[in-house]
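> Structure in structure tokens, see below.
The values are calculated or read from the model by the stated rules, or taken from the named source; none is laboratory data. Not measured: the values here are computed from a predicted model. Every residue, glycine as well, gets a Cβ built from its backbone with ideal geometry; the counts of neighbours run over all protein chains shown.
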């Protein structure tokens, strides 16, 4: 899939995080290096202190992680693999603690957003943003206060010795997150069975530019699976677009990309890879 075991792979988060789970599944045997922020992962990828990165880009409950798309647009990285995992959140506290004692729950902001119903049903509990799900479990185990808990995975509970006080508190049982494995541009190996492509598209600032570009996909029978717009820095109220589309062959994908360029569009291919299986399918 364009990567080999034994590589140093950067993740945002600690051992027991969902990113660690995804990275271990994508590249078994890889050495995982933890970072506090997404930006730090990209910085070390660019400087070659790590070989690759596994990062979350989209969640089925809260949508895209905007920061990730902005960072990907501004760094020389390419997608070589996609992975989707089911996200099952647990409220984790000290051994012997009870949910009725909990006053505060720490977790990554995106994870907290996925558990709105839990907090609506437990208004006495304050949601506290933290840099990582698994890191929040490590934090509460250090604090040693029965009134403080974390939201993270079952793996994190086991790894850090916490106790699950409430199980599966995500808003929807089909909750999933999509991860991409990134390499530095030019270092990703070709994926012969690739059936999905992601491009960054900047269109001429003129009427119907987007509709004309999308029409090219329709005429060629491509399945455009996702479109994401983000503002272009330094160009107020101008936007570029991230497009995911499925293709039968990479040669067909190249034809579609060439057609986009003939319309005056700036196109950057971010990755050609194999579409991940949906765990809910």
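> Do we find that residue 210 is in a helix (DSSP H, G or I), touching a strand residue (DSSP E or B) at 6+ places or on another chain (Cβ under 8 Å) and closer than 30 Å to residue 233 by Cα in this structure? First the steps, then the outcome.
Numbers: in a helix (DSSP H, G or I): yes; touching a strand residue (DSSP E or B) at 6+ places or on another chain (Cβ under 8 Å): yes; closer than 30 Å to residue 233 by Cα: yes.
Judged against the criteria, residue 210 is a match.
> How do the strands (runs of 3 or more DSSP E) wholly within the stretch 10-88 filter down when requiring 2 or more residues that are crowded, with 22+ Cβ neighbours inside 10 Å and at pLDDT 95 or above: which remain? Let's see the steps before the verdict.
On the way: elements: 31-35, 52-59, 77-86.
Where strands (runs of 3 or more DSSP E) fall fully within the stretch 10-88 and carry at least 2 residues being crowded, with 22+ Cβ neighbours inside 10 Å and at pLDDT 95 or above, they are 52-59, 77-86.
> Answer yes or no as to whether residue 204 is part of a loop (DSSP other than H, G, I, E, B), over 25 Å from the mean Cα position of the chain (by Cα), within 20 Å of residue 269 (Cβ to Cβ) and assigned by TED's automatic domain parsing to the domain that holds residue 267.
Details: part of a loop (DSSP other than H, G, I, E, B): yes; over 25 Å from the mean Cα position of the chain (by Cα): yes; within 20 Å of residue 269 (Cβ to Cβ): yes; assigned by TED's automatic domain parsing to the domain that holds residue 267: yes.
Here the answer is yes, as residue 204 does meet what is asked.
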